[in-house]
1. With springs only between Cα atoms under 10 Å apart, run a GNM on chain B and tell me which of B:G96, B:G16, B:G110 wobbles the most.
2. Kyte-Doolittle cut-off -0.5, length cut-off 30 Å along the helix's own axis using Cα: show which whole DSSP H helices in chain B pass.
3. Given Cα positions, please report Rg to Rh for segment B:1-90, the hydrodynamic radius being the Kirkwood one.
4. Kirkwood hydrodynamic radius, computed over distinct alpha-carbon pairs, for the protein assembly as shown: how many Å, to one decimal?
Amino acid sequence: MAKLAIALLGAAFFLFAAACNTRHAVEVEPVEIKPIHITIDVNVRVEKALEDFFSDIDEAEEESGKSPTKAE
Amino acid sequence: MKNKIWRILLILCLLGISSTYSAAFAESLKERFKARLPIIKVLKQKHIVGENNKGFLEFITDKKEKKDVVDAENSDRSKVYSAIAKREGTTMEVVGIHRAAQIEKKADPGEWLQDARGRWYQKK
């Protein structure tokens, strides 16, 4: 009876040890890192688009600034 | 074959009309901006409005003088930022931030501006 118990315990221990000894292969998708030059390029284009649109308005403002403005 | 040629001509005409309309719309927007310049300049000199960090005018006192002019200016700025954002594949907020930086550079001393942290200060 004791021998049976020991054998069962041994088998249980063996199974437990086998279950703990696992190997997991995790596949990680390559992380896409957008090139930094795309972000810089957008900023440059936005700056230029704003300058293209507002340049004559800003110039008009500067011209009006040279003549004294009467506050109401 | 004839139908195809007519279709191509029609598409070209429509493209021409839409680009003419866009150019005319942009010009009318510019005229409105220029027309409001003197009023906005006075509001800034009286420290009633300042330029916020998003590229828009904002009242900095409880005195909301010429609110209709300020609202019209912001509405038109919003249209411009939106159009540029769409064309350049970015957001209106990004365009507004860039414009705020440009405005800050050319602002007159004494004008109220808002920094990136949201703090209001007077340009020296």
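1. B:G16
2. Membrane-span-like by this rule: B:2-45.
3. We get a ratio of 1.23 for segment B:1-90.
4. After inverting the pairwise mean of 1/r, the radius is 21.8 Å.
Here, each number is a calculation from the coordinates, and none is a lab measurement. Predicted model only: the values in this text are computed from it and were never measured.
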